[in-house]
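Since every read-out is calculated from the coordinates, none of them should be taken as a lab result. Nothing here was measured: the structure is a model prediction, and the numbers come from that model. Positions of Cβ are generated from backbone atoms using ideal geometry, with glycine treated the same way; all protein chains shown enter the neighbour counts.
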Amino acid sequence: MTIEQLEGQRQSTIAAAKEVLINGGDMAEANRLHTAAKSLSERIDMLREFGNVPTPVAAEAAPKHEPWKSGSVVRNPFPGPKAEADYKAYAFGQWVRGNVLGNAKAAKWCDEHGVKSQTEGTNSEGGFTVPEIVSSSLIWLRNEYGVARRFSRIYPMTSDVLNVPNASTSTTTYYPGEATAITASDITFTQVALTAKKLAILTIVSKELNEDTVIDFGATLAQDFAYGLALAEDAAAFQGDGSSTYGSITGIMPKIKALSATFANIASMVVGPSGSQTNLSSFTLANFQSMVAKLQPYANQPRWYMHKNVFYSGVADKLIALSGNSIMDIQNAYGAEPTLFGIPISFVQNMPPAPAANRDMVVLGDLSKGVAFGDRRGVSVEVSDQVKFIEDALTFKATERYAFNAFDVGNVTATVGDQVPGSLIVLQCAAS
């Protein structure tokens, strides 16, 4: 080989090594390419010592095939610039075709581009762990779609059960007299138990998958998985009733409601006026003001959580009625994230949209203080061609394992002065 040819080969080897490293590929492969590049450099140096040999003009390198750049995705959920988002969607589609569906050409592409994953250790667990290049984006999407996960404190779980310590009683301050022993006091800790639950979602796609649809296929699967999992997390976090429907998780509203059958004794609850069980407009701004008054000062990152219809049918009408007296409140009542009493509102569309007797409608709280959200395992993917055999379609199943516990729910007492709310406050409709 001539010096020019060897130099071209060296540059290609270096580029391949960089691609493996950037894409999180196998370090052994990166080391092999690095060694090969060094060997080529030594050969070039040796040839130069012997004298430069005339060489023919090097042939122009063929353009690199990058099929994701020719695709067009109308709704690509992956983050980043268009080229990056399309590459992730293409990589996810190729990974599913290659590792999950067994397409040899797609599997070869994944190997060449460092898009690899390992199967789970046992058949009972099943599935394929989504590769890092995509899993980080799926986590981002799930956080973006999921309100509860986005604003909670996340606890990584290395086992199926995690006990998180929580200080339930603080030390006591005294004024000791001269030459008098100081009374000792202790911080009391309780354990907030997190038990991992498996969450799964199914989606059906046609078997007719070709090279031209890989980007759209990957984008569609990613959006469906992330949105579906996040939706289920929100449903369990806010209104899970402890049944199998919610993975045995008890959400914020049912947990506070279950503290006492006499709702007026629950420190972290505000009960709406008569009529609120049938009409959202019966709620008053004073009801929401009472919720703010109950919220503990340490809940310094509070948000409102409610269905969009509850806000615009039960709150915005009061703000509009203020007319010119509070123009900023009226302006803040519109937009993607309105505010109420200066506190931002997050719409949770699987919270109750309409009133009923004793129905919990709204949560005000700081999830980073009042709940524990455990993350046991990321998203895994499985596929079957048997479920929809007649329709000649594939059934994809995405699973994750997580845990949720709402623990800072306040106390219960009939003496109003002794009521101690937590960092989570619930608004309930009146009884019938």
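Before moving on, here are some points about what is shown:
- Anchor Lys18: lysines whose Cα lies under 16 Å away (excluding residues fewer than 8 positions away in-chain): Lys38, Lys64
- Each Lys or Arg adds one and each Asp or Glu takes one away; over the other residues whose Cβ falls under 14 Å from the Cβ of Pro156, this sums to +2.
- Taking the number of Cβ atoms within 10 Å of each Cβ as an exposure proxy, the fewest-first ranking of Ser152, Ser41, Ser274, Ser268 is Ser274, Ser41, Ser152, Ser268.
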